[in-house]
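Here is the structure we will look at.
The values are calculated or read from the model by the stated rules, or taken from the named source; none is laboratory data. What you are looking at is a predicted structure, and each value in this text was computed from that prediction instead of being measured. Methodologically, a virtual Cβ is constructed for each residue, glycine included, from the backbone with ideal geometry; neighbour enumeration extends over all protein chains shown.
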Amino acid sequence: MNNTKRDMKFLRIMSLQGPNIWTYRPVLEVWVDIGELEESPSNTIPGFTDRLIAWLPSLIEHRCSIGERGGFIQRLRDGTWPAHILEHVTLELQNLAGMPGGFGKAREMDTRGVYKVVVRAWHEDVTLASLHHARTLILAAMDDRPFDVAAAIEDLSDLAESRLLGPSTRSIVDAADDRDIPSIRLNAGNLVQLGYGAAQRRIWTAETEHTSAIAETISRDKSLTKQLLKDCGIPIPEGYDVESPAAAWEAAEDIGVPVVVKPCSGNHGRAVFTNLTTREEVEAAYQVALEEESGVIVERFVPGQEHRLLVIGGKLVAAARGEIASVVGDGRSTIEHLVTVQLNADPRRGNTEDHPLNPIRIDSAATLELARQGYTAESVPAAGTHIVIQRIGNVAFDVTDIVHPSTAAMVALAAKIVGLDIAGIDLVVEDISRPVLEQRGAIVEVNAGPGLLMHLKPAEGQPRPVGQAIVEHLFPADASGRIPIVAVSGSTDTTAIARLIAHLVCLNNQRVGLACRNGMFVNRRQVETGNRANWAAAHKLLLNPTVETAVIETSGRELLSEGLAFDRCQIAVLSGIDANEDLAEYAISTDEKRYNVYRTLVDVVLPNGAAVLNAADPQLVAMHDLCDGEVLYFATDASLPVIAEHRAKQGRAVIVDNEEIILAHGASTTQLISLAQLPPMAMATHQLLAGIAAAWALGLDFDLIRAGLQAFTDNQS
């Protein structure tokens, strides 16, 4: 075949940002035209499979439909089509860029050579870039042209690092996910909403909405922090703010050497000089610390090692010890070279978040430390000589299990004194397993927004579930972070159903958000006009901290083009599936495909929720077993066999019998209201029953439902 015909064209790319017809998670759905490659499965292209495996040997881990390691490679050798290969290569490039593997599908469409390729989208930009790299790589492998795999992976890794949540925030979001608490990213950084509507909490890495601005300001003022701690009986190193080199030495003499010189405000260990004993050292350290532009403090040197203790919600949850970085002379190498080969060669050191230890630099602090020992970076120490390069830093050696109980209580008190719900307490002691007071240890700093990586990926010791601790702090064991979400869809006028449900819930003293074709409403007040039965409007309701119940109308088109704005719902209402509904623009043309579209809503019903289904529609009845929660039927014909069978199993149904609306639960029945008692409504009876069934599933009182029906008019939301 002529190589110029080897191409894959992307006809359409849709970002499905929530549960969809493919999976519960966000995906990219790509329509791919492979053209003449339809006649060229992988086993017909000489050398292609071997080149692809050589470039991406980790494809051996893809099990594919065969279900075992190496399954995808077997498919390649047996012959598979480029769209299927595109799916796997895209996922693998994402994986090599630092994202976990994920869901993928490749399915033929009605047009010859055109496929739907679906891949898990951890971040739309990263997945899109992976898709384009995958296409170029596959075509290069087919044509035996060069492709720089390493450069592509580096490009994707850089993009992922700039787009994805940081590891600290990710640990919290993952812990929330383990609790089935939903999350919404609020900006391009690490500001995240956990939960929906009025049940939400917000985090910004290790700060929460409970983190006081006053407390954070106090923590940045070292002198004020120390004074507050001292006044409450917490041991701190005595010290003074100073404004000149001479004043720094005068303070050192007053305190008594050795001393520490450091900037007044939080600086993550920068320009901190310890164990200073001479005027020259103190004045030199002052000049460097002054460059941080926050003032300089001189305080008593506390012998021992630096420790970081993490307090969350008044409890110590993790502790790490710092390292004293040193090298050993060999009689031949400069200290600078020894730092390179003895310290920075450690694979645990690096500049990325995957490295628990930072590279050691001979900066101003290290230069001063060397000078105190009689060396420079270019010195060649004698063999066997130990030279200290850095006395503080790289607090990444887990010691949580040996912290003395009195120390745990002390740091919890320190966080409370400053006012922080999450605090990183810097403590200097010789032995963390002994009480602080008996070894003249001291708390030297209290930090807001502490880093979590040292506890998640310590250089040594056990990782600590600090993300889980933060989630437990924000959400007690019985809190789900969820508000009731009622999703309404189907073939008939779902807008009327959604409006009725919102009206009834509003009467129940719940602040209701409604997104429907008539607009977006919050507690009857219209906040947006036009058709708002879409992802964006639903998303806004879930962001709104005043919304206690959300009623969201969606259609087949929105499901296919956007996905759902929520991960799970309390109630899914389906009025029916129209066999004539035109979804051809999304390649949905059969009853089976329409069924798969609308079943999405039933699939996401919570175990304590309900699917409200039209018993007169056989396709909806067939969804009964897909629901994790209860199924509640509605029907204008009380004699339908499915109603009888459902009630025989103690199921609930809303039906009409002798012009009366009946709430049936097993064999028991409650007469709700006569149709003749209702005001004129612009909706069919089965739509009215759907709204009533949803209200019943939400637990609304029968008298309230009855009164709400009599008060409902067409101009209400």
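Scan the stretch 633-692 for residues that are assigned to a helix (DSSP H, G or I) and of a type outside the set (Ser, Thr, Tyr) and the total you get is 18. For the stretch 492-503, does any single residue satisfy the condition of being more than 30 Å from Arg170 (Cβ to Cβ), of a type in the set (A, V, I, L, M), in contact (Cβ under 8 Å) with a residue 12 or more places away in the chain and assigned to a loop (DSSP other than H, G, I, E, B)? No, the stretch 492-503 contains no residue that is more than 30 Å from Arg170 (Cβ to Cβ), of a type in the set (A, V, I, L, M), in contact (Cβ under 8 Å) with a residue 12 or more places away in the chain and assigned to a loop (DSSP other than H, G, I, E, B). Test each condition in (1) over 19 Å from Asn614 (Cβ atoms); (2) in a loop (DSSP other than H, G, I, E, B); (3) out of contact with any Lys or Arg (no Cβ under 7 Å at 6 or more places or on another chain) for Ala537 and report the one that comes out false. Only one criterion in (1) over 19 Å from Asn614 (Cβ atoms); (2) in a loop (DSSP other than H, G, I, E, B); (3) out of contact with any Lys or Arg (no Cβ under 7 Å at 6 or more places or on another chain) is unmet by Ala537, namely (2).
Filtering the stretch 520-537 to residues that are buried (at least 23 other Cβ atoms within 10 Å of the Cβ) and in contact with a Ser or Thr (Cβ under 9 Å, 6 or more places away or on another chain) leaves Met520, Phe521, Ala533. Please verify whether Arg145 is surrounded by fewer than 20 Cβ atoms within 10 Å (Cβ to Cβ), under 14 Å from the mean Cα position of the chain (by Cα) and of a type in the set (D, E, K, R), treating the condition exactly as stated. No, not satisfied.
Scan the stretch 380-402 for residues that are in a loop (DSSP other than H, G, I, E, B) and buried (at least 19 other Cβ atoms within 10 Å of the Cβ) and jot them down. Within the stretch 380-402, Pro381, Arg391, Ile392, Gly393, Asn394, Val395, Ala396, Val399 meet the criteria.
Taking the criterion of being in a loop (DSSP other than H, G, I, E, B), surrounded by fewer than 21 Cβ atoms within 10 Å (Cβ to Cβ) and in contact (Cβ under 8 Å) with a residue 12 or more places away in the chain, the residues of the stretch 1-25 that qualify are Met1, Arg6, Asp7, Gln17, Trp22, Thr23, Tyr24, Arg25. Would it be correct to say that Ala152 is touching a Pro at 6+ places or on another chain (Cβ under 8 Å) and either over 24 Å from Glu562 (Cα atoms) or not basic (Lys, Arg) (or both)? No: the conditions fail for Ala152. When Arg517, Arg511 are checked against the criterion of being surrounded by fewer than 20 Cβ atoms within 10 Å (Cβ to Cβ), closer than 19 Å to Tyr598 by Cα and either at pLDDT 95 or above or in contact with a Gly (Cβ under 9 Å, 6 or more places away or on another chain) (or both), Arg517 stands alone in meeting it. For the residues Ile577, Ile571, the requirement of being in contact with an Asp or Glu (Cβ under 8 Å, 6 or more places away or on another chain) and surrounded by 21 or more Cβ atoms within 10 Å (Cβ to Cβ) singles out Ile577. So, Arg499, is that one more than 20 Å from Tyr196 (Cα to Cα) and out of contact with any Gly (no Cβ under 7 Å at 6 or more places or on another chain) or not? So Arg499 passes the test.
Inside the stretch 327-363, residues that are touching a Leu at 6+ places or on another chain (Cβ under 9 Å), of a type in the set (Asp, Glu) and at pLDDT 90 or above make up a count of 1.
Does Thr90 fit the bill of being in a loop (DSSP other than H, G, I, E, B), modelled with pLDDT of 95 or more and within 27 Å of Arg25 (Cα to Cα)? Taking the combined requirement at face value, the residue does not satisfy it. Applying a threshold of 6 Å to beta carbon distances and a minimum spacing of six or more residues, or different chains, the list of pairs starting in the stretch 370-397 at a residue that is without any contact (Cβ under 8 Å) to a residue 24 or more places away in the chain and ending at one that is of a type in the set (D, E, K, R) and in a strand (DSSP E or B) is empty. Residues in the stretch 154-163 that are among the aliphatic types (A, V, I, L, M) and surrounded by fewer than 19 Cβ atoms within 10 Å (Cβ to Cβ): 1 in all. The criterion of at least 1 residues that are more than 29 Å from Gly314 (Cβ to Cβ) and either out of contact with any helix residue (DSSP H, G or I) (no Cβ under 6 Å at 6 or more places or on another chain) or of a type outside the set (D, E, K, R) (or both) is met by the following strands (runs of 3 or more DSSP E) wholly inside the stretch 184-293: 239-242, 259-263, 273-276.
If only residues of the stretch 484-508 that are among the β-branched types (Val, Ile, Thr) and buried (at least 24 other Cβ atoms within 10 Å of the Cβ) are counted, the one that is nearest to Val573 (Cα to Cα) is Val488. Could you tell me whether Gln687 is in the same structural domain as Gln510 (by TED's automatic domain parsing), buried (at least 16 other Cβ atoms within 10 Å of the Cβ) and of a type in the set (S, T, N, Q)? Answer is yes for this residue. Among the residues of the stretch 451-490, those that are part of a loop (DSSP other than H, G, I, E, B) and under 17 Å from Val399 (Cα atoms) comprise Gly451, Leu452, Lys457, Pro458, Ala459, Gly461, Gln462, Pro463, Arg464, Pro465. Take the conditions (1) in a strand (DSSP E or B); (2) under 17 Å from Arg464 (Cβ atoms); (3) out of contact with any Gly (no Cβ under 7 Å at 6 or more places or on another chain); Leu427 misses just one of them, which is (3).
Residues of the stretch 66-110 that are surrounded by fewer than 20 Cβ atoms within 10 Å (Cβ to Cβ), more than 15 Å from Met8 (Cβ to Cβ) and of a type in the set (D, E, K, R): Glu68, Arg69, Arg77, Asp78, Lys105, Arg107, Asp110. Note on the stretch 475-523: residues that are over 28 Å from Gly576 (Cβ atoms) and out of contact with any Asp or Glu (no Cβ under 8 Å at 6 or more places or on another chain) amount to 9.
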